[in-house]
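The values are calculated or read from the model by the stated rules, or taken from the named source; none is laboratory data. Here the structure is a predicted model, which is why all the values come from computation and not from measurement. Note that each Cβ is placed from the backbone with ideal geometry, even for glycine, and that neighbours are counted across all protein chains shown.
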Amino acid sequence: MKNEKIKDISILLAEDESELREMLQEYLQLFFNRVYTAASGDEAYDIYKQKKPNIILTDISMPNLDGLEMIGKIRESDKETRIIVMSAHSEQEKLLLAIKLHLESYLIKPIKTDKLKTILLDIVTQIRAAVRRTYVTETIFWDHDTNTLWENAKEIKLRKMENMLLKLLFCKPNEIASTKEIFEYLHEEKSEKEFSVHAVTSLMKRLRSKLPDGVIHNIYGSGYKIVPL
């Protein structure tokens, strides 16, 4: 049975040796749906700023901006992104400096893929345990701690009723919420308010205009549901 690729967590690979970079890229793509690659520290830093990957796997010595300098720049404002360093035996002094920059782990070249896999899957488990998110696309997720909707690092602004509706749907992903259940939830404090299918469908239409197609599923004759990745 084919394993599902990891869709909710992305990884950036920074390695200047083209042969090793291509080999590692192919290996990482066996597990991760989103793998970004860079051949230098400055290129990797630009990708980091644009894509905000959850994990960075980087060589310690690269042209222009080396891995150590890149990690230092990232750590000025970001202590959360998980970073794994690769180095040669001859770079022990640099490696000792890098360890002070909140590394997740380090690997000595040549890279042993079984060890890399173990480290990466452990990190994925840790990230998922620390962050309570439900992804509906590769970039859009619901944050259960703040009850907010995000696309990458940008919050999608919602009106009060839109937010309440999504909160209800995300509380029970893959389960159908009927139109009546949605209406009663939205107007819980106004029990005298008369049930209106039109009120729910109008709200749903406004909300869907802010989201990609297929995020909210309409189950004909039953109601609506959210289907996570």
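Computed quantities for the displayed model
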quantity: Long-range neighbours under 6 Å by Cβ, at least six apart or interchain, first residue in contact (Cβ under 8 Å) with a residue 60 or more places away in the chain within region 51-75, second small (Gly, Ala, Ser); calculated: 52/153; 54/10
quantity: Selection count where residues are within 21 Å of residue 148 (Cβ to Cβ) and in a loop (DSSP other than H, G, I, E, B), scope region 176-190; calculated: 1
quantity: Scan of region 159-212 for residues that are closer than 14 Å to residue 225 by Cβ and of a type in the set (Gly, Ala, Ser), ordered by number; calculated: 177, 178
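Results for (1) within 13 Å of residue 86 (Cα to Cα); (2) in the same structural domain as residue 53 (by TED's automatic domain parsing); (3) modelled with pLDDT of 85 or more, shown as yes or no for each residue.
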{"position": "98", "(1), (2), (3)": "yes, yes, no"}
{"position": "102", "(1), (2), (3)": "no, yes, no"}
{"position": "110", "(1), (2), (3)": "yes, yes, yes"}
{"position": "117", "(1), (2), (3)": "no, yes, yes"}
{"position": "120", "(1), (2), (3)": "no, yes, yes"}
{"position": "127", "(1), (2), (3)": "no, yes, yes"}
{"position": "146", "(1), (2), (3)": "no, no, yes"}
